[in-house]
Amino acid sequence: MGRASQPPAVGCNFIPRVLVIAEPNDLGALQVVRRLQRREGLTVELISTDQLLLAPSWLHDPLGQTEITLGNGSILTNAMISAVLCRIRQVDPPQFSRAKRSDRTYAQGEFYSLILSWLEQLGTKVHNRPHAGNLCGVRSSPLEDHLRFAEQNNASEPIAIASNSRYLPKMEGVVVPFLPCMDEAALTGRPFVPIPETLLAGQPALRLADPDLYPRRRLTVVGQSVFGEVVTPKMRDMALAAVRTRNLTFAEISLRDLGAGKIGLCTIDPYPPLTDDAVIAAASDLLTRAALEGVS
C-alpha cells in the first residue's frame, strides 16, 4: 500500500459515478444496480467484496486520498466517486483461505481496517456510513441503548445483567422481568424511561422477557421512506427516529406489538433485504439524488 497522488480536478463533463459494494451473493444489490443502470447521466458499478480484497493495487493515505486499481482495470479514486451503497457484512480475503488460522485472522483485521479507513475518507458519499464494528452501519439493540445511556449518565454502580443465556452470568436474588423494547417515549429526544434499577449492581437481577411472546413487525427504511405490510404514523416516526440516531440511510427495523396500542423497538439491522420492488426503486432514487447533488 503506497501513497495516492493528488486527485484530478473534476471538470464540467464529469459524469456522476455510483458504486454498489456488495457480497457476491447479494441479489438485492444486483437489483438496485439494474434499476440504476436505466438512469441516464450516471455511471454505475457493482463491485464485489472479493474484487476489493483481490485488487492488484491499493494506494491509500489515511490522511489523504485513495486510489484502487481493480482486477478488471477499473480505477477508483475518491474524487471520481459520487455515491456509494455499502453492503459489506464481512471481510475474508480469498487469498488467505488456506492460510493457518492466526494468519487468516490477522489478514481479516488488516483488510477490514483498510476498507474502513477508505470508506471513512468518502464521508457522506457512503450509505450507510461505516462503523468500527460493522462496515455497513451501526447494528444496535435497545438493551445496548439502555447500557450506553447508563454509562453516559455516570451510573454510580457498575452495570450487571442476569440472564438465562449461557453467555451471561446468572445472579442471585429477585428476578424482575424486563421487556427489551423501547416504547415511543424512548425516541422523543428526552431521557427515556429512567434506566431500570435492575440494571445496576446490587439491585434485583434482570431477566429478558421471551421475545416470541410478542408479535413482531418488520419495516424497511430507505432515507425518509418506510415500507412494510402495515406502517402506522407512530411506527413510521419510531423507525425514522431510530435510523437518525445511528446515522443510517438503509435499515430493517424490528418492532414488537406490546398490546393496548403500544409498540416497542427491538432491533435495528443496517443490512435490509432489497427484494421488494418499491424498496429497490426507492434505493435507486436515493442514490441517484445523492450522486447528482454531489456534483451540483
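The values are calculated or read from the model by the stated rules, or taken from the named source; none is laboratory data. None of the values given here were measured: they were computed from a predicted structure. All Cβ positions, even for glycine, are placed from backbone atoms using ideal geometry, and neighbour counts span all protein chains on display.
What to note about this one:
- Among residues of the range 218-237 that are closer than 17 Å to residue 137 by Cβ, those with a Cβ under 8 angstrom from a residue that is exposed (fewer than 15 other Cβ atoms within 10 Å of the Cβ), sequence gap 6+ or separate chain, pair up as 220/273.
- Members of the range 42-61 that are over 19 Å from residue 108 (Cβ atoms), in contact (Cβ under 8 Å) with a residue 40 or more places away in the chain and not in a strand (DSSP E or B): 42, 61
- Taken over the range 15-37, the residue count meeting the criterion of being touching a helix residue (DSSP H, G or I) at 6+ places or on another chain (Cβ under 8 Å) and touching a residue at least 40 places away in the same chain (Cβ under 8 Å) is 12.
- Residue that is modelled with the highest pLDDT, among those in the range 224-257 that are part of a helix (DSSP H, G or I) and of a type in the set (Gly, Ala, Ser): 239
- Residue check, residue 34 modelled with pLDDT of 95 or more, surrounded by fewer than 19 Cβ atoms within 10 Å (Cβ to Cβ) and either within 22 Å of the chain's Cα centre (by Cα) or in a helix (DSSP H, G or I) (or both): yes
Table: residues versus (1) modelled with pLDDT under 95; (2) surrounded by 15 or more Cβ atoms within 10 Å (Cβ to Cβ).
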{"position": "42", "(1), (2)": "yes, yes"}
{"position": "63", "(1), (2)": "yes, no"}
{"position": "83", "(1), (2)": "no, yes"}
{"position": "98", "(1), (2)": "yes, no"}
{"position": "101", "(1), (2)": "yes, no"}
{"position": "130", "(1), (2)": "yes, yes"}
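- Test for residue 221: is it of a type outside the set (S, T, N, Q), in contact with a Phe, Trp or Tyr (Cβ under 9 Å, 6 or more places away or on another chain) and modelled with pLDDT under 95: no
- Scanning the range 100-118 for any residue that is part of a strand (DSSP E or B), of a type in the set (Phe, Trp, Tyr) and over 28 Å from residue 253 (Cβ atoms) turns up nothing.
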